[in-house]
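In what follows, a single structure is set out as structure tokens and then discussed.
The values are calculated or read from the model by the stated rules, or taken from the named source; none is laboratory data. Computed from a predicted structure; not experimentally measured. Cβ coordinates were reconstructed from backbone atoms using ideal geometry, including for glycine residues, and neighbour counts include every protein chain displayed. SASA here: full protein model, heavy atoms, side chains in, ligands and nucleic acids out. Shrake-Rupley method; radii C 1.70, N 1.55, O 1.52, S 1.80 Å.
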Amino acid sequence: MTIRIGVPVKSGFAGAIFLIAMSLLPAAAQDKEQGTSMAGMEMSTATANGSQLPSPHAGSGTGWQPASVPANGWMWMRGGWDVMAHGLIFADYNQQGGPRGAGKAESVNWGMLMEQHKLGAGTILFRQMFSAESLTSPHPGFPELFQTGETYHGEPLVDHQHPHNVFAELSALYTLPLTKKLSWELYGGPSAEPALGPVTYMHRASASELPLAPLGHHLEDSTHTSLGVITTGLVIDRVKLEASAFNGREPNEERWAIQPGALDSWSGRASVAPTANWTAQYSVGRLEHPEAAEPGSQWRQTASAEYNRPLAAGNWATSFVWGRVHKIANGTNLNSYLLESTLNFLEKNYAFTRLELVDKDELFPQAAEHPAYRFGAYTFGGVRDLIHDHAWHLGLGADVTLYSKPAALDTAYGQHPVSFQIFLRARSGRAQGHHSH
């Protein structure tokens, strides 16, 4: 067993964001007593019939999660600005099984700030998301069997998930109501998320207790950090239609830098929120030269449905995601199927699962041929909160992952590899004034 130790999470930028936000909590509490708290900050958008649409504060980019998804965060008002901070830290030991597995002490983490203000007849929302993963799990990143995507020292990254950029999102969203059931949106930034794919796994309620990225990440939602994005769209009652121009290449290995590029790729997405508990989307996009180590462009299609059921002392969030990549250079089609679910019950307890079937053709980059193999990954786990109050949720958890794969890969991966994680999870507490629907 190989063990590699990452830098402790407290040295990271995300930890600093958390400390800054915590230092503002007393002021937020004072504001609340003075009647200036963010209880007035709308966490969902009211429609004419009194029902609610998903909030831009709860998803990623312009993606929709169900309006009933619980809001975790710290909120306050300053000079007419509604401000929200929230984030997540996993400090864990990750052991991937089999001959190509590895063990590592590491941290998955991110922190987000949002500032909202009236602008003319509409509303402007600024969003900044930071991650310290380049420190807390330095290259080659997080061990993860069968994971591929991006590079390390110029070579394709295999059996590892890359750390995310320090500036994971720097964006602005302007929303302008045109009628009671029609509004216009304009979104973008130097590091932002185009209208392609579901809400990224880092923000999906169904993945809230899962530290690692899905194996289908690069077929489903890897564009959540794109270095240059412009999106425009219309919300028509409970339907949203969007189009994006963006820089289609993956970020390079300089995790602390923003590398601007041409808006050479495009995407379109149609989303629907039929009730407060359901959302669904279909999207398609063309990505120009997304992978540094692989020539050629891609077509990507995704479809997803998300369901959240509020409970008396918790909630149950479930997502189904399909992704397909068509590699134009060689005509290869790769598919991914994901079902993930997290049940929060009796407030402090969580049970979760992620079930995936994913096609991969990048596991042996030095081979003369690159056949596609289909893998299954089946994760089961649980978390118990040790601290559960309005400020913090601190939990102790573990998960285990079993796999299915072609017998031809037994020599490389072993017959029955098993992976597991043991972790502490800390995140901001439940936002005050939010109500499930």
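Of all residues in the stretch 130-143, those that are open to solvent by 10 Å² or more (accessible area, probe 1.4 Å) and under 30 Å from VAL83 (Cα atoms) total 3.
Looking at the stretch 342-397 only, could you name the residues that are of a type in the set (D, E, K, R) and either over 18 Å from GLY87 (Cα atoms) or crowded, with 16+ Cβ neighbours inside 10 Å (or both)? Show your work before the answer.
Here is the first cut: in the stretch 342-397, the ones of a type in the set (D, E, K, R) are 347-348, 354, 356, 359-362, 369, 374, 384-385, 389.
Hits for the stretch 342-397 are GLU347, LYS348, ARG354, GLU356, ASP359, LYS360, ASP361, GLU362, GLU369, ARG374, ARG384, ASP385.
Out of the residues in the stretch 332-387 that are within 30 Å of PRO295 (Cβ to Cβ) and charged (D, E, K, R), state the one that is modelled with the lowest pLDDT.
Of the residues in the stretch 332-387, the ones within 30 Å of PRO295 (Cβ to Cβ) are 332-338, 356-377.
Then drop every residue that is not charged (D, E, K, R), which leaves 356, 359-362, 369, 374.
Working: GLU356: 98, ASP359: 97, LYS360: 95, ASP361: 92, GLU362: 89, GLU369: 79, ARG374: 96.
Of everything passing the filter in the stretch 332-387, GLU369 is modelled with the lowest pLDDT.
Within the stretch 225-265, the set of residues being buried (at least 24 other Cβ atoms within 10 Å of the Cβ) and out of contact with any strand residue (DSSP E or B) (no Cβ under 8 Å at 6 or more places or on another chain) is empty. Taking residues in the stretch 412-430 that are among the acidic types (Asp, Glu), and partners anywhere that are in a loop (DSSP other than H, G, I, E, B) and open to solvent by less than 30 Å² (accessible area, probe 1.4 Å), not one pair has Cβ atoms closer than 9 Å while being at least 6 places apart or on different chains.
The one condition from (1) open to solvent by 20 Å² or more (accessible area, probe 1.4 Å); (2) assigned to a strand (DSSP E or B); (3) in contact with a Gly (Cβ under 7 Å, 6 or more places away or on another chain) that LYS118 does not meet is (3).
Quick one: is LEU219 in a loop (DSSP other than H, G, I, E, B) and either closer than 30 Å to TYR403 by Cα or among the basic types (Lys, Arg) (or both)? Spell out the reasoning first.
Numbers: in a loop (DSSP other than H, G, I, E, B): no; either closer than 30 Å to TYR403 by Cα or among the basic types (Lys, Arg) (or both): yes.
No; evaluated as a whole, the condition is false for this residue.
Taking (1) within 21 Å of MET84 (Cα to Cα); (2) at pLDDT below 95; (3) not β-branched (Val, Ile, Thr) in turn, ARG127 satisfies each apart from (2).
From GLY63, GLY103, GLY79, GLY59, which residue is over 13 Å from ALA205 (Cβ atoms) and touching a residue at least 24 places away in the same chain (Cβ under 8 Å)? Quick ask: steps written out before the conclusion?
Details: GLY63 fails: over 13 Å from ALA205 (Cβ atoms); GLY79 fails: touching a residue at least 24 places away in the same chain (Cβ under 8 Å); GLY59 fails: over 13 Å from ALA205 (Cβ atoms).
Only one candidate qualifies: GLY103.
Against the numbered list (1) farther than 30 Å from TYR152 by Cα; (2) open to solvent by less than 40 Å² (accessible area, probe 1.4 Å), GLY414 comes up short only at (1).
Filtering the stretch 144-171 down to residues that are under 21 Å from the mean Cα position of the chain (by Cα) and open to solvent by 30 Å² or more (accessible area, probe 1.4 Å), which residue is farthest from ALA257 (Cα to Cα)?
LEU170
Sort out which residues of the stretch 295-309 are in contact (Cβ under 8 Å) with a residue 60 or more places away in the chain and surrounded by 18 or more Cβ atoms within 10 Å (Cβ to Cβ), and write them in order of number. ARG300, THR302, SER304, GLU306, TYR307, ASN308, listed by residue number. Checked against (1) within 23 Å of GLY87 (Cβ to Cβ); (2) open to solvent by 10 Å² or more (accessible area, probe 1.4 Å); (3) out of contact with any Lys or Arg (no Cβ under 9 Å at 6 or more places or on another chain), GLY268 meets all criteria but (1). In the set (1) more than 19 Å from the chain's Cα centre (by Cα); (2) under 30 Å from TRP392 (Cβ atoms); (3) open to solvent by 50 Å² or more (accessible area, probe 1.4 Å), the condition left unmet by ASN330 is number (2). If you go through the stretch 33-70 and keep only what is open to solvent by 30 Å² or more (accessible area, probe 1.4 Å), modelled with pLDDT under 50 and touching a strand residue (DSSP E or B) at 6+ places or on another chain (Cβ under 8 Å), you end up with THR36, GLY40, THR45, ALA46. Name the pairs: first residue in the stretch 358-378 and touching a residue at least 40 places away in the same chain (Cβ under 8 Å), second residue β-branched (Val, Ile, Thr), Cβ to Cβ under 6 Å, at least 6 apart or on different chains? Listed pairs, sorted by first residue: LYS360/THR148; GLU362/THR148; LEU363/VAL158; PHE375/VAL358; ALA377/THR401. Residues in the stretch 71-97 that are in a loop (DSSP other than H, G, I, E, B) and open to solvent by 20 Å² or more (accessible area, probe 1.4 Å) were compared, and the one that is nearest to HIS117 (Cα to Cα) is GLY80.
For the stretch 86-133, give me each residue that is among the basic types (Lys, Arg) and over 20 Å from GLY61 (Cα atoms).
So the first thing to find is which residues in the stretch 86-133 are among the basic types (Lys, Arg), and the list is 100, 104, 118, 127.
Within the stretch 86-133, ARG100, LYS104 qualify.
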